[in-house]
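As C-alpha cells, the structure follows; a few thoughts come after it.
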Amino acid sequence: MDRRFFLAATLAGLAAPALARAQQRKPSRTRWKVRASEGFDALAFLGPLAGRALYLTYYQADVDAFAPRLPEAVRSDIAALWQEAEKAGFGLLGPAASVLFFGHDGSIAALIAAAASPETALLPAYRQSSYWSESDWRWFTGAAPRLKAAFEAMQAAGFAAFRAERAAGLDARIAELTRDLAAYDVISLQEKLTGRTFDPGIEVVLLQFCKPHGIKVQGQTFLQAADWNTAITVRNAAHEMLHPPVPMDGAAAKAALALLAKDDLIARIVREHDPQWGYTTLEGLLNEDLTQALDQLIGEALGVGRNPADRWRRSDDGIHVLAGAFYGMFRDDKWIETGGSIEAWLARAAETGRLAPARLHAVAARVLERPATSLWPLIPR
C-alpha cells in the first residue's frame, strides 16, 4: 500500500492569474466539508508511539506524556506492528490502516468495535474502494486482534481526554477553514486536467497527530494536520483527490510501467531510497508522481503553488524525479489550458518515446534545475 503526503510553500505559475480570475467568474463545483476525528487521531498516534523518528520530530513531548500510561507490552507491540506492516508491504501502519477504518473513525471505541469484527465492519467498503488489495487485507486481519488490544489500552489510558486537551480550539479552526476554503474550486480543475468526473464534495478531516502526512482515505476524504494553513489544505485536496490519476491496472499505466522499469535511474530510486517515504514499488511511484505533477498545475492555477524545483528538492530526499518530468511535459503541452484525458495522455507519452530515459531525464533536469546526469541522489548543497 503506497500513499502519500506533503508540505508547503507558494509560487503561482505563469498561467495562474488568468485562470484564477476565470474561476472566480464561474460557479464553484467544489463543496467543502471540514470535521475532526478521534479515531483517525488514534491511528495517527500509533506512529509516535512506535518510536518512529519521522513522527517524534513533531510529537516527542506528547509521547513522553502519554506512553508511560500504556503497558510496556503494548508499547513494544505497537512498534513491532509498525515494522511488520512495512516489511509485509502493507505500508506505514497508521496511514494505511486509516483507509480501512474509514467510516468507523468517530471514536477510539468505534475502532475497537471494528477491529473486533473486520469482516463485517470494514471489508465491504474496503473491497469496493480503489485501494482494495487481497494481500493487504490478509495482513490486516492477522494483525487486527493486536490492533484492537492497542486501542483498548489507549482507551483505558484516557486517550480521548488527552487528545481533547491537546486539540483545544479545534472547533474554531474547523469553522475558520470551512469559510476560507469556499474560494477555491479544486474539483473543476481536477476534472479539466484528467478528463474524469468527480463528486463535488471534498471532506477534510483535521487531526492533531498526523504530521507530516496528508492522507487520502476512501472516497473524497483526506486527513491533515489541524494547524496547516488554507494554502496547504488546498494543495492537499488538489493532490489527494486525484489518487489514482489513471487506472493502475489499465493499458496506459502498464505501458508506462514497462518502459520505466527499463530506466536504470527510476529503478534505482524505487530500490534504494529511504523506505520511510513509502513508494517502494514502481507502481506506487508512478501513481504518486503523476499525481504530484497534476496537483502542481492546479496549485499554480489557484495561486497556491510552490516553486517546482524547490518543492521536489525538499520533498522525500528528492526522489520525485518522475514528477518533475511529467510536470515539464505538461507545461510543454500547455495542459493547464487544454486539459483532456490524462490516461490518453500517458498512453501517447509511452507510444511516442517521451518516457525513454534520455528524453525523460532531460525534461526532469530542466524543471528540477539539476544536471541530467545527477538527478538522484541529491548532491548536498
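Search the range 57-80 for residues being under 26 Å from the mean Cα position of the chain (by Cα) and surrounded by fewer than 17 Cβ atoms within 10 Å (Cβ to Cβ), and hand back the single one that is nearest to GLY214 (Cα to Cα).
Once the filter is applied, the top-ranked residue is TYR58.
Out of curiosity, is GLU351 surrounded by fewer than 16 Cβ atoms within 10 Å (Cβ to Cβ) and either among the acidic types (Asp, Glu) or closer than 16 Å to TYR279 by Cβ (or both)? Walk me through it before giving the result.
Details: surrounded by fewer than 16 Cβ atoms within 10 Å (Cβ to Cβ): yes; either among the acidic types (Asp, Glu) or closer than 16 Å to TYR279 by Cβ (or both): yes.
So GLU351 fits the description; yes.
Of the residues ALA110, ALA121, ALA161, ALA168, which single one is touching a His at 6+ places or on another chain (Cβ under 8 Å) and free of Cβ contacts under 8 Å to residues at least 24 places away in the same chain?
Working: ALA110 fails: free of Cβ contacts under 8 Å to residues at least 24 places away in the same chain; ALA161 fails: touching a His at 6+ places or on another chain (Cβ under 8 Å); ALA168 fails: touching a His at 6+ places or on another chain (Cβ under 8 Å).
Matching residue, one of ALA110, ALA121, ALA161, ALA168: ALA121.
Select from the range 204-246 the residues that are among the polar types (S, T, N, Q) and closer than 22 Å to TRP277 by Cα and list them in ascending order.
Just the residues of the range 204-246 that are among the polar types (S, T, N, Q), to begin with: 208, 218, 220-221, 224, 229-230, 233, 236.
The answer is GLN208, GLN218, THR221, GLN224, THR233, ASN236.
How many residues does the range 238-257 contain that are among the β-branched types (Val, Ile, Thr) and under 14 Å from GLN220 (Cβ atoms)? I'd like the intermediate steps shown before the answer.
Taking the range 238-257 and keeping what is among the β-branched types (Val, Ile, Thr), we get 246.
Filter once more, so that each one left must be under 14 Å from GLN220 (Cβ atoms): none.
Residues in the range 238-257 being among the β-branched types (Val, Ile, Thr) and under 14 Å from GLN220 (Cβ atoms): 0 in total.
If a residue has to be among the β-branched types (Val, Ile, Thr) and either touching a residue at least 60 places away in the same chain (Cβ under 8 Å) or closer than 19 Å to TRP228 by Cα (or both) to count, how many in the range 46-68 make the cut? Even if it seems obvious, please write down each step before you answer.
As a first pass, look at the range 46-68 and keep what is among the β-branched types (Val, Ile, Thr): 57, 63.
When the remaining residues are screened for being either touching a residue at least 60 places away in the same chain (Cβ under 8 Å) or closer than 19 Å to TRP228 by Cα (or both), the result is 57.
Looking only at that region, the number is 1.
Is there a residue being at pLDDT 95 or above, within 23 Å of TYR55 (Cβ to Cβ) and in a loop (DSSP other than H, G, I, E, B) anywhere in the range 229-247?
Yes; the residues of the range 229-247 include at least one that is at pLDDT 95 or above, within 23 Å of TYR55 (Cβ to Cβ) and in a loop (DSSP other than H, G, I, E, B).
Table: residues versus (1) surrounded by 17 or more Cβ atoms within 10 Å (Cβ to Cβ); (2) touching a helix residue (DSSP H, G or I) at 6+ places or on another chain (Cβ under 7 Å).
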position	(1), (2)
SER135	no, no
ARG146	no, yes
ALA167	yes, no
THR178	no, no
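Of everything in the range 332-346, what is surrounded by 15 or more Cβ atoms within 10 Å (Cβ to Cβ) and in contact with a Ser or Thr (Cβ under 9 Å, 6 or more places away or on another chain)? Give them in sequence order.
GLY339, SER341, ILE342, GLU343
The values are calculated or read from the model by the stated rules, or taken from the named source; none is laboratory data. These figures come from a predicted structure and were not determined experimentally. A quick note on method: Cβ atoms are made from the backbone with ideal geometry, for glycine too, and the neighbour counts reach across all protein chains shown.
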